[in-house]
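Asker: One structure coming up, written as C-alpha cells, with questions to follow.
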Amino acid sequence: MSVAAGVAEMPQPVATPSARVGMVGAGQLARMTQQAAIGLGIELAVLTDDALAPAVRAGARQIHGSAGDARDLLTLAEGCDVVTFDHEQADPALLGALAEHAVVRPSPAAQLMAQDKLEARRVLADSGFPVPAFVAVESPGDIERFAAAHGWPVMAKSRTGGYDGRGVWVLDGPEQARDLYDRLRAAGRALLVEELVDLECELAVLVARNPRGQVVCYPVFQTHQHDGICHEVIAPAPVGAELADSAQRLAVSVADGVDAAGVIAVELFVAGGKLLVNELALRPHNSGHLTIDACHTSQFEQHLRGVLNWPLGRGELAAPACAMVNVLGPANPGDPAAGLAAALEVPHAHVHLYGKPWRPGRKLGHVTALGDDVDEALQRARAAAAAMVAA
Ligand SMILES: Nc1ncnc2c1ncn2[C@@H]1O[C@H](COP(=O)(O)OP(=O)(O)OP(=O)(O)O)[C@@H](O)[C@H]1O
Ligand SMILES: [Mg+2]
C-alpha cells in the first residue's frame, strides 16, 4: 500500500478527552470507574503510590502520591475538571484546602458524613431521619450506661476507618466493653456505641445527583452480610411495594439533605417493618456493582456524569431480576482467575475481576447474573463465583 509523501510528517490531530476527572484512590471502584470513563472519552487520573493498583492496571493515569498529602492532592487536581473519590479516608481539612483550588465533588462537608459514623448519626438524627439509638463513647462507663438503657449486647463502632466489618464489634457485657475501649484508645481510635438492631433484612438504595438538580433513584437492592462483610446482593429487593417506595423516598431525602454529588449509597436496616439509616457512602458502592450488567446506567458511569454535572442516565433494571455475589479470597492462597473458564460456563453470569493479590476474605472480584427471577439469578451468580473461589 502506498502512503502519500509527506503524510508521516504532518501533525496528527490528537483526540482531546471529553473531560478529565481526578479520583483519590485506585482500588476496584476506581478500576470500574475507568471502565466507564473509557466509553465516555473521559481521562481518569488516580492518586495512588501503588503502580499495580487495580485502576492503574486498567489504564487510568497514575498520579504518584497519597491522599494524606496536600501537595499530591493538588497535583491530582491540576488539569482536572473535578476531583472525586473511590474511598473516604482523605483528611477533611486537606479536602477543605483542596476545594479552594479545585472543584471537589462530593463536597468535603458531605464527605465527612461517609467518613465519621458518629457525625453521620448526629446529622441524620438532627435532621429527623430514623437511625438506631446511639451515643458517643468518651469512657467505658458510657457504654455501660447505654447498655443499661438499651440492654446488652450492644454494637460498638469505630468512628472512622472501618469497612467490611473491620471496625464493628458486638459487645456482650462490661468486660468486653472495657477491653475494646482500651484497645481502641491505645490505637488512637474513637468509638460510638449503638443498639444491636434485630434485623429483618438490609437494603441499599443508590441515588445519583448532579449540581444542575437532576436526581435519579435506582431500584431497591437487598444486601446480605456475614461478619459485617457484604457477600450477596439481589435486585429487586423482595420487599413490598410500600416499603420499597419508602426506602427510595428516604434515600432521596438523605441524598438531598447531604447535598450529594455523583452517586450516594444509602444502607438501610429493616426492623419491625420500619426503616433505619445505617451508613452512607458518597461514591459507588458494593451494593451497586450489579448496575453494570443489570441497569440502564451503571453506578460508575452515573457517578462520573453526576460529578461532571452532565445529564444523568436512567437507573431501572434492564432485566426481571439480578444477583451479585462477591468473590472473596478463600482461606488458602489462590487466584480466582484460575477458575475463570469454569465460571464462564455458567450462562448469564458476568465476571468482574479486580486484579488484586489474594488475602483471605478480601474482595477480589464479583459475579453478576441475570435471570427471570431472583432465585435463578442467585443460583447462577453463586455457581460462577464458587467456581473461582474453589479453584
Ligand atoms: N446497630 C446494628 N445492629 C445490627 N447489626 C448491625 C448494626 N450496625 C451494623 N450492623 C451489621 O454490621 C454490618 C457492617 O456495619 P457497617 O455498615 O456500619 O460497617 P462497615 O464495616 O463500615 O461497612 P461497609 O463495608 O459497608 O463500609 C452491617 O451491614 C450490619 O450487617
Ligand atoms: Mg456498611
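The values are calculated or read from the model by the stated rules, or taken from the named source; none is laboratory data. None of the values given here were measured: they were computed from a predicted structure. Quick reminder, even Gly has a Cβ in these numbers, built from the backbone with ideal geometry, and neighbours come from all protein chains shown. These accessible areas exclude ligands, DNA and RNA; they are computed on the full protein's heavy atoms, side chains included. Shrake-Rupley method; radii C 1.70, N 1.55, O 1.52, S 1.80 Å.
Asker: Once you have the Kirkwood Rh of the chain from its Cα pairs, apply Stokes-Einstein at 25 °C and 0.890 mPa s and quote D in µm²/s.
Answerer: Values: Rh = 22.0 Å.
For the chosen part, D equals 111 µm²/s.
Asker: Answer with one residue from P211, V327, V239: the one whose Cα lies farthest towards the positive end of the charge dipole of the range 205-332, charges on Cβ with Lys, Arg +1 and Asp, Glu -1.
Answerer: Final value for the positive-end residue is P211.
Asker: Now a separate question. In sequence order, what are the phi-derived ³J(HN,Hα) couplings for the range 336-350 according to the Karplus relation 6.51 cos²θ - 1.76 cosθ + 1.60 with θ = phi - 60°, rounded to whole Hz, with x for glycine and proline?
Answerer: x, 4, 5, x, 4, 4, 5, 5, 6, 6, 7, x, 6, 9, 10
Asker: What are the semi-axes of the equivalent ellipsoid of the range 276-391, taken as the square roots of 5 times the eigenvalues of the Cα gyration tensor, listed largest first and rounded to whole Å? Walk me through the intermediate numbers first.
Answerer: Working: eigenvalues 133, 65, 32 Å².
In descending order the semi-axes read 26, 18, 13 Å.
Asker: Decide, for the range 223-296, between rounded, prolate and oblate: order the square roots of the alpha carbon gyration tensor eigenvalues as a ≥ b ≥ c, take rounded if a/c falls under 1.5, and otherwise choose prolate if a/b is larger than b/c, else oblate. It would help to have the intermediate numbers written out before the result.
Answerer: Numbers: a/c = 1.27, a/b = 1.01, b/c = 1.26.
Rounded.
Asker: How high is the FRET efficiency from D198 to R145, r the C-beta distance, R0 30 Å, rounded to 0.05? Write out the running numbers ahead of the final one.
Answerer: Details: r = 21 Å, r/R0 = 0.72.
Working from the Cβ atoms, E equals 0.90.
Asker: To the nearest 20 debye, what is the magnitude of the charge dipole of the chain about its Cα centre, counting +1 on the Cβ of each Lys and Arg and -1 on the Cβ of each Asp and Glu? Could you put the intermediate results ahead of the total?
Answerer: Values: 30 positive and 45 negative charges, 126 e Å.
Value, rounded to 20: 600 debye.
Asker: A further question on this structure: Kindly write out, for the range 202-210 in residue order, the coupling ³J(HN,Hα) from the Karplus curve 6.51 cos²θ - 1.76 cosθ + 1.60 (θ = phi - 60°), rounded to whole Hz, with x marking Gly and Pro.
Answerer: Along the range 202-210, the couplings run 10, 10, 9, 10, 8, 10, 10, 9, 10 Hz.
Asker: Once neighbouring chains are kept in place and the probe is 1.4 Å, which whole percent of the accessible area of the chain is contributed by carbon and sulfur?
Answerer: 52 percent
Asker: Picking from P130, P92, P333, which is most flexible by a Gaussian network model of the chain using Cα springs under 10 Å?
Answerer: Looking only at P130, P92, P333, the largest GNM fluctuation is found for P333.
Asker: Using only the alpha-carbon atoms of the range 164-264, report the extent along each of the three principal axes, biggest first, to the nearest angstrom.
Answerer: Principal extents (Cα only, largest first): 48, 32, 21 Å.
Asker: Can you give the extra length, in nm with one decimal, that the chain gains between R212 and W358 once fully stretched, where that is 0.36 nm per residue apart less the Cα-Cα distance?
Answerer: Numbers: separation 146, 0.36 × 146 = 52.56 nm, distance 4.19 nm.
Full extension of this stretch gives 48.4 nm more.
Asker: Right, here's the next one. Between D372 and Q89, how high is the FRET efficiency from 1/(1 + (r/R0)^6) when r is the Cβ-Cβ distance and R₀ = 45 Å? Nearest 0.05. Walk me through the numbers on the way to the answer.
Answerer: Values: r = 41 Å, r/R0 = 0.90.
Computed FRET efficiency for D372 and Q89: 0.65.
Asker: Return the FRET efficiency for the residue pair R166, A15: r is the Cβ-Cβ distance, R0 is 56 Å, and the value is rounded to the nearest 0.05.
Answerer: On the way: r = 43 Å, r/R0 = 0.76.
That gives a FRET efficiency of 0.85.
Asker: Treating the beta-carbon of each Lys and Arg as +1 and of each Asp and Glu as -1, no other charges, what is the dipole magnitude of the range 92-218 about its Cα centre, to the nearest 20 debye? Can you show the working numbers first?
Answerer: On the way: 14 positive and 17 negative charges, 124 e Å.
Roughly 600 debye for the range 92-218.
Asker: Using the Karplus equation 6.51 cos²θ - 1.76 cosθ + 1.60 (θ = phi - 60°), what ³J(HN,Hα) coupling, rounded to whole Hz, does each residue of the range 184-196 give in order, writing x for Gly and Pro?
Answerer: With the stated coefficients, the range 184-196 comes to 6, 4, 4, 8, x, 10, 9, 10, 10, 10, 9, 5, 7 Hz.
Asker: Considering only protein heavy atoms, what per residue accessible area in square angstrom results for the chain with a 1.4 angstrom probe? Provide the component values of the computation, followed by the final result.
Answerer: Working: 17240 Å² over 391 residues.
Each residue of the chain exposes 44 Å² on average to a 1.4 Å probe.
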